[in-house]
Structures are given as structure tokens and as C-alpha cells.
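Scroll down for the structure; my scribbles are underneath it.
The values are calculated or read from the model by the stated rules, or taken from the named source; none is laboratory data. The model shown is predicted, which means the values in this text are computed figures rather than measured ones. So basically every Cβ, Gly included, is an ideal-geometry build from the backbone, and we count neighbours across all protein chains shown. Side chains included, ligands, DNA and RNA excluded: accessible areas come from the protein's heavy atoms. Shrake-Rupley method; radii C 1.70, N 1.55, O 1.52, S 1.80 Å.
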Protein chains: 2
Amino acid sequence: MATIYDVAKQAGVSPKTVSRVINRDAPVGLKTRAAVEAAIRELDYRPSRAARTMRSSRSGLVGLITGAISRGDGSAGPSGLPDLFIVQAIQREVAEAGMTLMIADTGGEADRAAELMATFAQHRVEGLIYVADHHQRIEELDPRGTPLVLANCFDAIGTPAILPDDRAGQRALVERVISAGHRRIAYLTLPEGMIATELRSRGYREALEAAGISFDPALVTEGFADHGEGPKPFIAPALDRLLALEDRPTVICCGNDELALRLYGELRDRGIRVPQEISVAGYDDYRVISETLYPPLTTADLNYRGIGEAAARRLLSLIAGASVPAEVELIGGPVCWRQSVTEH
Amino acid sequence: MATIYDVAKQAGVSPKTVSRVINRDAPVGLKTRAAVEAAIRELDYRPSRAARTMRSSRSGLVGLITGAISRGDGSAGPSGLPDLFIVQAIQREVAEAGMTLMIADTGGEADRAAELMATFAQHRVEGLIYVADHHQRIEELDPRGTPLVLANCFDAIGTPAILPDDRAGQRALVERVISAGHRRIAYLTLPEGMIATELRSRGYREALEAAGISFDPALVTEGFADHGEGPKPFIAPALDRLLALEDRPTVICCGNDELALRLYGELRDRGIRVPQEISVAGYDDYRVISETLYPPLTTADLNYRGIGEAAARRLLSLIAGASVPAEVELIGGPVCWRQSVTEH
DNA sequence: CCCTGCTATGACACCGATGTCATGACACCG
DNA sequence: CGGTGTCATGACATCGGTGTCATAGCAGGG
């Protein structure tokens, strides 16, 4: 690879002048500039970031740590793959800011994060983002002075964090369902103990309250159950209970789209048509599912993309030295109304 | 960030001795080593990769270019999101080799690849991988001396490429279906013109031939059709044709799992039970779909993960200076037999 | 005509590692 | 006891850029 010295010699100028042409940080004579630019093209010269980094201690790198990447063995957690959308959005924002993204994953072992941060430190990344695979609280990380932003998770020491607004999302979805004329609204939740479960349940109850519908505990039940290898949708008993109710629900809201997909199958198995006999709603707007299902699924957009964008932007402003206004930012998404819920 | 000089001063030795302790490339006295290690811990010292790169011109970086990342707007192509598994697998292999992965995406514009490669060149990546979102032929890239491996695509000039073995995969699946007792096997293909469509159709025909079943063109029809914004599963007419046949198929093989998901819905809509009245098979083993669908979907594992691993390993051996045996490598996966196809 | 002020350019040191070579301190051997 | 070899360590140059400062050239004003 050609160096700045090669270019300088070829153009008959000093290396410093070549540097000036590249960085436009000082005036350069017209003819000189042309000669240098010609030499650069001829030699296919690319300035070495390594050398530049040494002098300026600005590497142009952002490090991203995630557990999202390594679940390639298919052992997807409750919220599945779509958190990769967060990574995608971050990539785009970072690239737009002229920086390059380095990624690494913990392989599922949370304590490997420290090791990965050491690697990033060697590369002198200017900022770090940690992306979790679902809304959760994490053990605090020690970025040793490098700006750090958390996406889809938070910690106990108030590190800047971007989180999905599960409460508002579920509330908006249920309110919309109510305005479509439903009154008996069942809710098949994600596993208990998850933060998303807690927040979405609250949103569900708030929506009922706001509409003056009394909360009926018989309509709320967990849609997942452990059986062997991790939580998988296992909803048959819960579903049977709901269907056996005197005052049967007219719609079933699911903790996520995967659960809704499974529910479609279980309902078909019982000869119950969606949405004519019962309506179904999901959560996440995992499009491969929500748009491909037949009928297409009404769901709440979790807006992973918005989370990624917000995280990247927050980090970039931290790198730029901005003061941070709010520590935690909630990102919402619209309700995606499709044909799986009847109107009126 | 502390430098090697800080450590040297703290430990009362020369920088070179610190270097020796870090790299273990020359003997160091026991007491000296201990002093240096203590100083390193105390100062939380991390050697600068940038400085190391300058000296050795080995950056420890691998660049990955993809269009896979940027489809975050949900406009998933026919093969959807799962090509991200390739990225995941590459990440893992690269990390295992002690290198760090940089990623960038073209944002859908293929000609941006050159620009991204220039950025990577500035960082002096030691190798490049290009990942396509579906099996395709691409315009040739000019890596200017840096080793390059293509994943899920190939070019006209014989750049090392790792490809899914669509033909063998479809053949194995259909053979397995035949051995389960099926004779009338319909095939709902991906859009015509795609390489995967061509190869999988060939596999389908080979399997029939091998079993002595004559090929019936009435059983093969395209499952996608353009209607407005891009190809989406739109299978109602094709399905009606298949169901109206005198000698109705007992199983429908789909071009991918998404199509199978859609087919479940369409069949339910017609009151036809899977698999009791008709069996369904997919392709890809997109687990969120294949395992969550009810009944779980029989499908062929496209093995994106294997493609990623092979691509990474190929690149690493190119970086190590190995000679390349075969230019193109086909990666297959097993048939995933689940309950959506009846046995006997 | 000389001085001032500006523009364009170059010389040189430095960022933080590591390869090369030199050297001091011993131990061992005849 | 002197020569030789080994071990541990340090001095110094170097990788490829950029910040600092110096300087040559030239125009304009008094």
C-alpha cells in the first residue's frame, strides 16, 4: 500500500503538503493540488487510519457489544431475532457520521463483555454501545472513560439507556382494539418476571381503565411455559381455559408475534376462524410473521429501529462532548392495524 | 489512556522490556516480569493496536460488507432476514481467530461497495467478506490485493465463494418426502429467474427421477407474484389450481418457509387440515417460522451458519497465505423432519 | 525602496508500538 | 584466571501520518 511519502515524491512536494490536500486544512496552490491529486489517484493511495489515530487519538471507530449475534444456534429467547434490527439501525447511523462500526458478541456469556471491551480499547474506539436481546436490567459495565450507551437494557448506575416503551405500546394497542368495539379482551403474556411482561401488562390495564372496562383476571394468563429446553410457546391449556369461559373473549392479545403465530395454529386446530370467530393481536411487528400470516396480524411496532437510531445518536453526541439531558429515553412505535382484529 | 512508556517508567524498565512481557517473544527475568505486570494492571494499560499496526502492518481486522443489514425498513426480499445468520457465524469465527470484525453495508446500493472497501482499506483490514442476501451472481469487486471471499454469491472471475447447495438440499428433502410414501408432490417455487429457484427445481426433478416418478408440470407453479410493492407470497390462484387437479397432490413443497407460513393460512381458509388432508414442506429452516408453526414445519436447513463459518475459515486461511484448493464451495444442510408431512 | 502582511510550502518532531543491534552480567570450561 | 557463550536488558530507528514553527515569495503602502 502506497504511503504519503510515495505520493509526495510522485507529486514533487513534501508529505505535509499532501496531508494538506487531503484534509483541506490549509490553502494549497492550484497547480500543486492538481499534481497531488493526480499522484493519489495514480498510486491508489489511502491514508492509514492507524497512523492518523496515533497522532490524533481519534480512531473513527465505534464498538458494539451484543449477545444478539451469537444466538445462531437457534435457541432464540422469548423475543427472538428482531433485536438485530437495532444493530442494523446503529450501523446506518454510525456510517452516516463517517465512523466505522466494530462488532463483537458475548456468545451468551455476559462476563465476556469485559474482555470484548478490552479488545475495543486496544483499537481505541471512541464510543461503545451495548445491545441486549430483550428489555432487561444488566450488570454494570466499566467502560473506563469511553462513552457508553445501552440499548434495550439499563443498569443500576444510570448509564444512558434507550428502552422500548412497552407500557405505552401495549396501552395504545389495547385502546385501539377497544375503539374497534371489543370489550372482552384476553391477554396471553410473555413469561412472568420479564420486564416487558410487567410493563405491557400495566399498559393493558391502563387501557381498560381509561375505557371504564373492569379488569378480569380470568382473561390474563401466561402464554409461555417451560417444558424441557427453554421457554417455547405452549399455550394449549391456557387457550382452552380462555375458550371455556362463560363470557368468551372476542379478541386475544399476545405477548409477541411469535406467540400469535402459534395461536393461529392452535385456533385452526380447534376449528376457530380468525378473525371471524375470534380476533388476534401480537406485539413487536416482526414483519416476517405479521405481514406473512394469513390474515395479516394486528400488532404494536416495538420499533427496534428507532431504538438503534436513538442509541447511535445519543452516543455520537456524547462523543462530540455534549451534555446529556435525560438518562433514559423511551422509544415507542405505532399500532399496526391489520386484518386479524375485527372492526365493530 | 496509558502508554507503554508510562508502564515502563512505573516498572522502572525500558519500553522494550514491557513489549517483551506483553508479547512473550524473548525471555524476561522473573522479578522484572512481575514488576511490569503489576504496572500494567495498575495503569489499566492496553497496547494500542494503531501503533502495533503501523509497525507490523497487521491490523487484526476483517471487513464485512453486506446488503443484509440495511433492509431494516422491512422490505425483506424473498429470502427474508435469515442471511444475518451468515454474519453471526462469521463474527464468531473471526473472533475465535483473535481478529475483530468491522461491518458496513451498502444500504441497498451495490455501487457503494467500492466506497466501503476504501474505508476498510484505510483501516488496513487483512481480509474482506462480501455477504449477499440471497444466492446470486454479483458484479466483480476490486479488493486491490486484499484477500476477498464471497458468501451466498459468486462472480464471473472466480473469486473464492461459498454457496448454499440448493440442488442437493431440495433433492434430499423431496427424496425424504418420497420415502415417507408420497407420490404426488407439488412444488410452489420462488420467483422465476432466481438462481435458488433454478437449482432447487433441478433438485426436485432429480429426486423424482431417482424414484422413477414422472415429472408432471401441472404440479409446479410459482408461489410468488409481483403485486405492487415487491414480491410477496401471493399464492391463492396457484393453490386453487393445484387443489382442483384430478389427481390431487398429497404434499406441497414450498420455495421457502415464509411461503409455507402463508400456505398454512390459505389452507386453513379453505378448511383443509395440515397434515391430515395435505402435507406441507418448506425450505431454509427459518426456525422462528418452522418451529413455531403449528404443526411444526418439515423443511430443508439452508445452513446459513455453515456458509458463514466456511467463508470465515476460507478467508482466514487466505490471510495466512494458504493456497486455495477449490474456488467455489457448496454448503448443505440436513432435512428437518417435523410434523407437517405425513409418514406413510 | 524598505517594511509589513499574507500565502504557499517545507523541515522536524512526535504519536506508541516493535525489530535490530549492542552491551553488561554471569556461568562454565579448559 | 581468561575466554566464550548465554541470558536479560536497553538504545535507537522506524512505521505513516499530522501539529508546530520557520521561511521563501510576493503584493501593497508609505
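Observations, loosely collected:
- Where only alpha carbons of the stretch A:152-242 are counted, the Rg and the Dmax (Å): 15.0, 44
- With contributions of -39500 (n - 2.57) from each DSSP H run of at least four residues, the per-residue ellipticity at 222 nm computed over chain A stands at -12000 deg cm²/dmol.
- One quarter of the convex hull surface built on the alpha carbon atoms of the protein assembly as shown amounts to 35.6 nm², the projected area averaged over directions.
- Pairwise FRET efficiency - B:Arg248 versus A:Asp240, Cβ, R0 = 35 Å, nearest 0.05: 0.60
- Magnitude of the charge dipole for the stretch B:4-47, about its Cα centre and with charges confined to Cβ atoms of Lys, Arg (+1) and Asp, Glu (-1), is about 140 debye.
- Between B:Ala34 and B:Glu327, the distance separating the two model label sites (each 7 Å from Cα on the Cα→Cβ line) works out to 6.1 nm.
- Sequence-separation-based contact order of chain A, relative, with Cα cut under 8 Å and 6+ spacing, percent: 17 percent
- Summing charges over all other residues whose Cβ lies under 9 Å from the Cβ of A:Thr159, with Lys and Arg as +1 and Asp and Glu as -1, gives -3.
- Local charge for A:Arg24 was computed over the other residues whose Cβ lies under 13 Å away, with Lys and Arg +1 and Asp and Glu -1, and equals 0.
- Beta bridge orientation in the protein assembly as shown: antiparallel %, DSSP, nearest 5: 15 percent
- Evaluated at q = 0.12, 0.15, 0.21 Å⁻¹, a Debye calculation over the C-alpha positions of the stretch B:74-211 (equal weights, vacuum) places log10 I(q)/I(0) at -0.60, -0.84, -1.31.
- For the stretch B:231-297, the convex hull spanned by the alpha carbon atoms encloses 81 Å³ per residue.
- B:Arg270/B:Asn23 FRET efficiency (R0 51 Å; Cβ-Cβ; nearest 0.05): 0.15
- Extents of the stretch A:277-320, taken as max minus min of Cα coordinates on every principal axis and listed largest first, are 55, 16, 6 Å.
- Around the Cα centre of the protein assembly as shown, unit charges on the Cβ atoms of Lys, Arg, Asp and Glu (plus for the first two, minus for the last two) sum to a dipole of about 2620 debye.
- A Cα-only calculation for the stretch A:4-47 places Rg and Dmax at 8.9, 23 Å.
- Of the listed residues A:Phe234, B:Phe224, the order by accessible area with a 1.4 Å probe, largest first, is A:Phe234, B:Phe224.
- Average beta carbon contacts from partner chains per residue of A:268-276, 10 Å cutoff: 3
- Among B:106-112, A:299-305, B:1-7, A:155-161, the peptide with the highest mean count of other Cβ atoms within 10 Å heads the list, and the full ranking is A:299-305, B:1-7, A:155-161, B:106-112.
- Buried area at the A:B interface is about 5700 square angstrom, summed over both chains, from accessible surfaces computed with a 1.4 angstrom probe.
- Rounded, prolate or oblate (a/c below 1.5 giving rounded, otherwise prolate when a/b exceeds b/c) for the stretch A:132-187 by Cα gyration tensor: prolate
- Kirkwood's formula applied to the C-alpha pairs of chain B gives a hydrodynamic radius of 22.9 angstrom.
- Cα convex hull, the stretch B:222-344: 154 Å³ per residue, rounded to a whole number.
- Calculated diffusion of the stretch A:109-153, Stokes-Einstein form, Kirkwood radius summed over Cα pairs, 37 °C and 0.692 mPa s, µm²/s: 297 µm²/s
- Cβ charges +1 (Lys, Arg) and -1 (Asp, Glu), total dipole of chain A, debye: 1800 debye
- For the residues of B:53-65, the average number of beta carbons from a partner chain within 10 Å of their own beta carbon is 2.
- Environment charge at B:Arg314 (Cβ cut-off 14 Å; Lys +1, Arg +1, Asp -1, Glu -1): -4
- Rounded if a/c under 1.5, otherwise prolate or oblate - the stretch B:166-302, Cα gyration tensor axes: rounded
- Overall, the accessible surface of the stretch B:4-47 at a probe of 1.4 angstrom is composed of carbon and sulfur to the extent of 52 percent.
- Taking all protein chains into account, the per residue accessible area for the stretch A:166-302 stands at 37 Å² (1.4 Å probe).
- Here the stretch A:166-302 carries DSSP beta bridges of which approximately 20% are antiparallel, counting only pairs with both residues inside.
- Distance from the C-alpha centroid of the stretch B:85-143 to that of the stretch A:184-224: 44 Å, rounded to the whole angstrom.
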